[in-house]
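Heads up: the structure comes next, in structure tokens.
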Amino acid sequence: MPLHGSKWTLFASLLFCAACAPCPAQNSGSVKVDEGETRLTFPNDHFHLALSVRNGAAPVSAQVSAELLDTDDTVRSAGNCNCNLATGSAVCQIEMPPATPHSKHASNDGDWLPLFRLRYTVAAPGALSASGTIALDRIAPDLFDLHVVAPRTFIWAQLTRLASAPCIL
């Protein structure tokens with residue numbers, strides 16, 4: 001019996017929905033890193049990474065790895081751990097050894113630390129893995145000291161002269 005009119009429309013709609021629906025055998029959840037909540041600190045003589053992870057799937061154990069990259073993309077420190085990810089948010093703690101010396105900047109390595117980056121990977125079975133690279137200035141608030149310098153007296157004439165200076169492009 002051929003399909004006509006509204007029966008055909010109903011059949012086509014059901015066929016379309018079945019084709020677009022996710023397969024129940026696949027885990028449709030995903031793992032994402034919340035870079036805004038991730039922190040890197042420097043207790044004693046090592047690095048401590050608190051990687052904030054959001055899990056949209058069922059609880060799972062994930063393999064988490066992190067690498068500290070210098071300006072030449074050389075791995076200077078690395079660490080990994082197994083992290084139990086509950087549904088929702090979790091924080092994975094990774095201890096990393098001090099940065100290994102690099103021949104190019106061996107004497108003043110601390111001067112280059114603000115330019116380093118952190119590369120991370122979170123791999124959970126049955127979920128999409130997450131990976132990325134974060135600049136240290138976004139995750140290491142203890143890395144920078146802010147010093148404010150201001151004159152004891154302020155002369156308004158200098159400010160108006162500066163404000164009225166022509167802009168040359």
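Residue-by-condition table, conditions (1) β-branched (Val, Ile, Thr); (2) over 17 Å from the mean Cα position of the chain (by Cα); (3) within 12 Å of Cys92 (Cβ to Cβ):
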{"position": "Gly36", "(1), (2), (3)": "no, no, no"}
{"position": "Leu40", "(1), (2), (3)": "no, no, no"}
{"position": "Asn44", "(1), (2), (3)": "no, yes, no"}
{"position": "Phe47", "(1), (2), (3)": "no, no, no"}
{"position": "Ser52", "(1), (2), (3)": "no, no, yes"}
{"position": "Val60", "(1), (2), (3)": "yes, yes, no"}
{"position": "Gln63", "(1), (2), (3)": "no, no, yes"}
{"position": "Glu67", "(1), (2), (3)": "no, no, no"}
Original post:
If the Cβ limit is 7 Å and pairs must be 6+ apart or interchain, which residue in the stretch 45-70 that is touching a residue at least 12 places away in the same chain (Cβ under 8 Å) and surrounded by fewer than 16 Cβ atoms within 10 Å (Cβ to Cβ) pairs with which residue that is part of a strand (DSSP E or B) and among the basic types (Lys, Arg)?
Top reply: Ala50/Arg39
**OP:** Take the residues in the stretch 73-103 that are modelled with pLDDT under 90, of a type outside the set (A, V, I, L, M, F, W, C) and in contact with a helix residue (DSSP H, G or I) (Cβ under 9 Å, 6 or more places away or on another chain), then tell me which one is surrounded by the fewest Cβ atoms within 10 Å (Cβ to Cβ).
**Re:** Pro101
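Being assigned to a strand (DSSP E or B) and under 18 Å from Leu115 (Cα atoms) is the filter here; which residues of the stretch 61-91 pass it?
Ala66, Glu67, Leu68, Leu69, Val75, Arg76, Ser77, Ala78
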Subject >> Failed item, numbered, when Ala58 is tested on (1) modelled with pLDDT under 95; (2) in a strand (DSSP E or B); (3) not basic (Lys, Arg) >> reply: (2)
Original post:
When you look at Ala12, is it at pLDDT below 85, of a type in the set (Gly, Ala, Ser) and surrounded by 11 or more Cβ atoms within 10 Å (Cβ to Cβ), yes or no?
Top reply: yes
Original post:
Quick check: is even one residue across the stretch 120-135 at pLDDT 80 or above, in contact with a Gly (Cβ under 9 Å, 6 or more places away or on another chain) and within 20 Å of Phe42 (Cα to Cα)?
Top reply: yes
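The values are calculated or read from the model by the stated rules, or taken from the named source; none is laboratory data. All of these numbers come straight from a predicted model, not from anything done at the bench. In this analysis, Cβ positions are derived from the backbone assuming ideal geometry, glycine residues included, and neighbour counts consider all displayed protein chains.
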